[in-house]
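*Asks:* Take a look at this one; I'll ask things after.
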Amino acid sequence: MSEEVEWWEYDDAAEMASAVAGDIGFIIESALDARGAAVIALAGGETPLPIYEKLAAAKLDWKRVTIIPGDERIVPLGDPLSNVTVLAKHFLPKGARVMPIVPNALPDYKAAGGSADALMQDLHWPLDLCLLGVGSDGHTASIFPGPDYDEALSGPKERRALGVMPDPLPADAPVPRVTLSLAAITTARALMIAVTGQDKRKVIETAIKQGKSSAFPIGRVLASTELPVDIHWAPK
C-alpha cells in the first residue's frame, strides 16, 4: 500500500463538499491543460451529492470533460437506483459528457459487465480521477463479497469493468451491478475517498491496518494502490 494515505477532516459534510469539489476542479483543470480533455469516475450514493452540487457550479470547460460512474446498478436509465442518472442531472446541463456504462439493463449481469468494459476501452486511460465512497460494510464502488469478488480484485489488468452479483444483495438496492475493477481504480492518476460518519471511519482505519489480508473490499483496494490517496471525512 502507498504510505501516502492522508486524512482530511472537516466539521461537517458541507465543508467537506466545498473542499472536495475544489480538489476535483483542480484535477480537471490540470488534465485539460495537459492534454485538452479529462476523464473522471465519480461515486454513487448520497454522500457525494453535496460535492456534485458544488462541483457543477465550477467554471470549467465542461464540454471537454467525460464523466462515468465508478459503478452502476443494472437498472434502466432513469431508474431512481441508476448512478449515471444522478450524475447526468448535475453535469449534463453544464455540457459534460456523462457516459452510461450500462446503457441497457441486460438480464445477464456478466454480459452487462462485458459491454461496459468494451465501452470503456474507447476512453482515454488511465482515469484522471477516481472518487470512491465506502459502505458501512467496507465495500467500495460495487466491489462486494460474492461470487465475482476475486475476479473484481485480481482479474486481468486490462479489464476495466465487470458485472458483479453481491452476496448478500444490499437491501437498499437488491440488484446486480457493474463496477470498475480494482486495476481500473488503482491506476487512476488521482484517487480520492469521501465518507461521513464514525462507523465508516472505523471501517477504513481497520481496513488499512489489515492490509492485503483485509476482510473489507476497501482494504484490498487500498493495499493494491501505489499512488497517494486522500481520504476526506466529516462526522456527518
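The values are calculated or read from the model by the stated rules, or taken from the named source; none is laboratory data. On a predicted model such as this, the values are computed, not experimentally measured, just so you know. Neighbour counts are summed over all protein chains in view; Cβ atoms, including those assigned to glycine, are modelled from backbone coordinates with ideal geometry. The area values use the complete protein model at the heavy-atom level, side chains included, leaving out ligands, DNA and RNA. Shrake-Rupley method; radii C 1.70, N 1.55, O 1.52, S 1.80 Å.
*Asks:* Out of (1) crowded, with 19+ Cβ neighbours inside 10 Å; (2) within 27 Å of Asp23 (Cα to Cα); (3) touching a residue at least 60 places away in the same chain (Cβ under 8 Å), what's the single condition that is false for Tyr109?
*Replies:* All conditions are met except number (2).
*Asks:* A further question on this structure: Can you tell me which residue in region 168-200 is most open to solvent (accessible area, probe 1.4 Å), limited to those that are of a type in the set (Val, Ile, Thr) and more than 25 Å from Pro235 (Cα to Cα)?
*Replies:* Among those that are of a type in the set (Val, Ile, Thr) and more than 25 Å from Pro235 (Cα to Cα), it is Thr187.
*Asks:* Related question: Name the strands (runs of 3 or more DSSP E) wholly inside region 3-113 in which the number of residues that are under 17 Å from the mean Cα position of the chain (by Cα) is 3 or more.
*Replies:* Counting at least 3 such residues, we get 38-42, 65-69, 71-73.
*Asks:* Please enumerate the residues belonging to region 133-143 that are closer than 28 Å to Ala38 by Cα and either open to solvent by 20 Å² or more (accessible area, probe 1.4 Å) or out of contact with any helix residue (DSSP H, G or I) (no Cβ under 7 Å at 6 or more places or on another chain) (or both).
*Replies:* Gly133, Gly135, His139, Ser142
*Asks:* Being β-branched (Val, Ile, Thr) and either surrounded by fewer than 16 Cβ atoms within 10 Å (Cβ to Cβ) or at positive phi (or both) is the filter here, so list the residues in region 201-236 that pass it.
*Replies:* Within region 201-236, just Thr206 meets the criteria.
*Asks:* Moving to a separate point now. How about region 116-129: which of its residues are out of contact with any Ser or Thr (no Cβ under 7 Å at 6 or more places or on another chain) and either surrounded by fewer than 19 Cβ atoms within 10 Å (Cβ to Cβ) or assigned to a strand (DSSP E or B) (or both)?
*Replies:* Within region 116-129, Ala118, Leu119, Gln121, Asp122, His124, Trp125, Leu129 meet the criteria.
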